[in-house]
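Below is one structure, written out as structure tokens; comments come after it.
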Amino acid sequence: MSPQSAIAIFIIGSITLMLFAFTLVIFLIVHKKKQYHNLLEKQQMENNYQNQLLLSKLEVQEQSFKHFSEEIHDNIGQLLSIVKMQLYNIRSSSHEPDIVTKATESNELLGKAINDLRNISHTLNAAFVSNAGLANAVEKDLEYIRSAKEVQCTLHVSGEEYSIGNERELLVFRIIQEAVGNAVKHATPSAIDINLDYKSNSLVVTVKDNGSGFNTLETSKTGGIGLNNMHVRAALLNGEIAVNSEKEKGTTIMLVIKSSDTIKDAAARLN
């Protein structure tokens with residue numbers, strides 16, 4: 001074999017080997033991309049499935065709230081109003097001072113109960129939140145807490161208030177409602193402060209109480225239902241929620257809803 005032939009065979013063999021190696025690399029890259037794409041599709045399907053489950057759960061919950069709201073308003077509220085009217089008639093027709101005094105006191109207590117039930121009925125109904133707006137709905141819920149639990153509740157709104165859409169505002173309201181309810185039920189605070197901070201590219205919600213607090217690590221392991229509900233709703237909002245608490249030092253819950261576009265501009269286009 002001549003040197004020229006050997007060189008030619010070597011060159012052809014090298015080129016063939018390089019083409020084979022190049023083809024193999026391309027095949028592996030395409031295969032990996034396909035695997036990655038399939039994994040993303042699988043994860044997306046799983047996320048969509050989980051989101052559908054979450055939405056179904058929340059829809060059932062909202063329907064239950066609506067039913068309770070209507071039941072309170074249409075039945076219980078009306079019955080208590082009739083009782084209140086009868087107490088008024090007893091007070092007006094009686095000439096016994098003790099009966100008049102007791103009927104007056106009972107009438108006042110019953111009036112307070114009716115007002116509290118009305119507030120509960122409103123805040124359970126999604127339509128009320130949509131019509132009143134987020135800040136007004138939160139204030140209405142705090143009125144009930146102040147009246148029923150004697151807790152000092154304050155609401156601060158900073159920035160230029162704007163709508164982020166009825167469904168999203170309902171989710172935010174339910175998160176606030178859950179946070180306040182958990183604080184009142186488990187932490188016995190004397191004060192709860194809520195802040196709605198409207199920024200151009202985000203809405204930051206903070207709920208802070210001075211109650212007994214809790215160990216967040218222990219609660220995350222046991223899976224508290226209230227905290228889980230807040231995380232579920234935050235996930236549907238594509239938001240981030242952080243819970244900071246320490247025993248005897250209160251709890252702070254912060255929800256941040258961000259957008260690649262400004263929420264205000266996006267809301268304006270949707271509305």
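Is it the case, given these coordinates, that residue 226 is closer than 25 Å to residue 147 by Cα, at pLDDT below 85 and not acidic (Asp, Glu)? Considered against the rule, which asks whether it is closer than 25 Å to residue 147 by Cα, at pLDDT below 85 and not acidic (Asp, Glu), residue 226 comes out as yes. The set of residues in region 119-128 that are surrounded by 15 or more Cβ atoms within 10 Å (Cβ to Cβ) and part of a helix (DSSP H, G or I) comprises 119, 120, 121, 122, 123, 124, 126, 128.
Among the residues of this structure, residue 125 counts as one that is in contact with a Phe, Trp or Tyr (Cβ under 9 Å, 6 or more places away or on another chain), in contact (Cβ under 8 Å) with a residue 60 or more places away in the chain and of a type outside the set (D, E, K, R).
Taken together, 156, 95 contain a single residue that is outside any helix (DSSP H, G or I) and more than 30 Å from residue 204 (Cβ to Cβ), which is 95.
Here's the yes/no breakdown for (1) in contact with a Phe, Trp or Tyr (Cβ under 7 Å, 6 or more places away or on another chain); (2) surrounded by fewer than 16 Cβ atoms within 10 Å (Cβ to Cβ):
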site	(1), (2)
138	yes, no
145	no, no
153	no, no
160	yes, yes
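Is region 5-28 home to any residue that is surrounded by fewer than 10 Cβ atoms within 10 Å (Cβ to Cβ) and at pLDDT below 75? Yes.
Taking region 144-159 as the range and being modelled with pLDDT under 90 and not aliphatic (A, V, I, L, M) as the test, the residues that pass are 144, 146, 147, 149, 150. If we scan region 206-215, do we find a residue that is part of a strand (DSSP E or B), touching a Gly at 6+ places or on another chain (Cβ under 6 Å) and farther than 22 Å from residue 251 by Cβ? No - not one qualifying residue is present in region 206-215.
The values are calculated or read from the model by the stated rules, or taken from the named source; none is laboratory data. The shown structure was predicted, so the numbers you read here are calculated from the model rather than taken from an experiment. Note: ideal-geometry Cβ built from the backbone for every residue, glycine included; neighbour counts use all protein chains shown.
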